[in-house]
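What follows draws every value from the coordinates through simple rules; no lab data is involved. Predicted model only: the values in this text are computed from it and were never measured. Heads up, the Cβs are rebuilt from the backbone with ideal geometry, glycines too, and the neighbour counts pull from every protein chain shown.
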Amino acid sequence: MNEPAANKYLLKLYVTGTSSRTAQAIENLRRICDQELEGRYELEIVDVLEQPQAAEDDRILATPTLIKQLPPPLRRVIGDLSDREKVLLGLELRPLDHPARNLADQ
Amino acid sequence: MKTSSDSMPVRKISTGIPTFDVIAKGGLPANRTTLVSGTAGSGKTVFATQFLAAGIGEGANGVFVTFEESAPDIRANMRSFGWDLARWEKEGKLAFVDASPDPHVETVEAGAFDLGALLARVEHAVKKVGAKRVSVDSLGAVFSQFSDQSTVRRELFRISAALKSMGVTAMMSAERTSDYGPVARLGVEEFIADNVIILRNVLDDEKRRRTIEILKFRGTDHQKGEYPFTIVEDGGIVVIPLSAIQLRQASSNVRVSSGIKELDAMCGGGFFRDSVILVSGATGTGKTLTVTQFLKGGADRGERCLLLAFEESREQLFRNATGWGTDFEKMEKDGLLKVVCNYPDVQGLEDWLLTIRRLIDEFKPKRVALDSLSALERSGTSRAFREFVIGLTSFIKHEEITGLFTSTTESLMGGSSITEAHISTLTDSIILLRYVEMLGEMKRGLTVLKMRGSMHDKRIREFTIDAKGMHLGDPFHNVSGILAGAPVHVNDPESGESGHS
């Protein structure tokens, strides 16, 4: 694995309109990204009501759906992103948190 | 808007399955959603595609929402049925919403969600092609993509309601775990319960049997019960017509010759044209001869004849015919005879029925002989066999064809065949051929047991066979018990004809 700093995170969030769930998901995501990926991410928000063809092309069913386009591999996180641990797992931000720290220490 | 439909009769639209539309009294209820439920391999995807293809055929565009197979897989699989989905997509008549699982992308669920994107995609696709029909195949697969089942159920309900407000007619397929049990898994019938169709694929006595049943159509009429169907190349689902077609039969008083002058006389002037005659007898009593004479009788009058032979080879049939003074080869050369020989077991009875119908459609015969029904009976269950005979006799009569079927009795001397017992009520006339032991000599006897709608000679007549065919002679005198297989000589000449009737 490369150093995290070398990785730029390219994120896309699919939402439906301006519902409270949409607002919730955006707020949750911003908070996580600001804490974990400060200055290292780009976020695009796509409203499926305005861009249904984009949802078709990306084969999205559920909203909200977060797609981690970069770095590879492609990952998806479904839901309002209220479960912080699951989001981090989905973004592969700390899937092996402790072993990684151990490696860095050695 | 919704309540106004109460006073209006429910409009129906074609499924593309002609005989199913008859059973459904028009097709699927328009602007509603119908649940099509069936076990794995019961034909749900074929139904889904055929429904859209029928619409496109009459200018109503469609959307295919697939949760299970990918769109490329469906395009490839449906080609063999003659449906070119890719072309329709190019022409703007069809749009896919490919919601099949993407095996390359790992997905994590982190909080509450809805299926807003799916709904937006369906609405977008419907708008894009101006769809009037939507097929959703199949609901079970969408449940397996998410862990929160109650959300999926609620969202599918929302999509189903949205389809209704879009004014499209939709079918959604769902899985069942068994052919006789709950309508569908996962409680999907809770939100599309108005119209339910069941597809079955049952293993019955070691033979596969497909049936289709309309469980309910809310507020509109349909035929009840299971109807057998088969799935064929270049056509998809074909439902076997039973009672639906029988209603249209017109019986005629036109008579046609049996090819045997004396037999015509016994029948009161020949067979009726739109009738089906069963010739029953033990092996060697002259069934194939009766068939041969029947075909010759047709060809002599310039009528095309079709022979479906399941017992003897072509060579054997032609040799036999020559021995009885009938030249099958010349009849064939004159275009008056078509002989199709095959083993009964090469396909199921449903497929035989379709094959025979196709042969009749192509060759347009005036006479059809089938030798023998008993051979076909062994390649299906008794129920499938009865349905085959019903389907075939209805079709033959509908096409104003005379049909002659043979059946073989097990015992040499008498009794009835199993075939006969199963189908005797379906045929218009029954002719029995019997061996008769007379004073240490084997003779052959013929009697017309039944002749619907006509007077007929009820006596048992002796007949002989020579190089010119069958010759009917005098009735047996002083003998009774021939039909029962135990002829007894009776000295009193007055009681000579008092045998069974």
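Note on the range B:55-103: semi-axes of the ellipsoid equivalent to its C-alpha gyration tensor, largest first and rounded to whole Å, are 19, 13, 8. Computed from phi, the 3J(HN,Hα) profile of the range B:273-283 under the Karplus parametrisation 6.51, -1.76, 1.60 (θ = phi - 60°) reads 4, 8, 10, 10, 10, 9, 10, 10, x, 6, 4 Hz, with x in place of Gly and Pro. The antiparallel fraction among DSSP beta bridges confined to chain B stands at about 45%. For the residues of A:48-54, the average number of beta carbons from a partner chain within 10 Å of their own beta carbon is 5.
As a proxy for reagent exposure, ranking B:435, B:343 by other Cβ atoms within 10 Å from fewest up yields B:343, B:435. Put simply, when B:371-380, B:344-353 are sorted by average Cβ atoms within 10 angstrom per residue, most first, you get B:371-380, B:344-353. Charged side chains reduced to their Cβ positions (Lys and Arg at +1, Asp and Glu at -1) give the protein assembly as shown a dipole of some 1380 debye around its Cα centre.
Only Lys, Arg, Asp and Glu carry charge here, each on its Cβ (+1 for the first two, -1 for the last two); on that basis chain B has a dipole of about 1380 debye about its Cα centre.
With a Förster radius of 30 Å applied to the C-beta separation of residue A:89 and residue A:20, the computed FRET efficiency comes to 0.75.
Starting from the Kirkwood radius over alpha-carbon pairs of the range B:83-224, derive D by Stokes-Einstein at 10 °C in a medium of 1.306 mPa s and give it in µm² s⁻¹.
92
For residue B:438, the residues whose amide H sits under 5 Å from its own are B:443, ignoring neighbours fewer than 5 places away on the same chain, with H placed 1.01 Å from N.
If you average 1/r over all unlike Cα pairs in the protein assembly as shown and invert the result, what Kirkwood radius do you get in angstrom? When all Cα pairs of the protein assembly as shown are included, the Kirkwood radius is 28.9 Å. In this simple spin-label model, placing a label point 7 Å from the Cα along the Cα-to-Cβ direction at both residue B:203 and residue B:76 gives a separation of 2.8 nm. If I model a spin label as a point 7 Å beyond the Cα along the Cα-Cβ vector, how far apart are those points for residue A:51 and residue B:458 in nm? The modelled label-to-label distance comes out at 8.8 nm. Taking amide hydrogens as placed 1.01 Å from N in the peptide plane, the amide H of residue B:13 sits under 5 Å from those of B:28, B:30, each at least 5 positions away in sequence or on another chain. Cα centroid separation, the range B:442-486 to the range B:357-400: 26 Å. Which whole-angstrom value gives the distance between the alpha carbon centres of the range B:250-322 and the range A:1-70? Each part reduced to its Cα centre gives a spacing of 78 Å.
Using alpha carbon coordinates only, what is the Rg to Rh ratio of the range B:141-198, with Rh defined as the Kirkwood radius? That ratio is 0.96, to two decimals.
Close amide H contacts of residue B:34 (hydrogens built in the peptide plane, cut-off under 5 Å, sequence separation of 5 or more or a different chain): B:170, B:171, B:172. For the range B:328-334, 3J(HN,Hα) computed residue by residue from phi via the Karplus equation (6.51, -1.76, 1.60; θ = phi - 60°) reads 4, 4, 5, 4, 5, 4, 6 Hz, glycine and proline entered as x.
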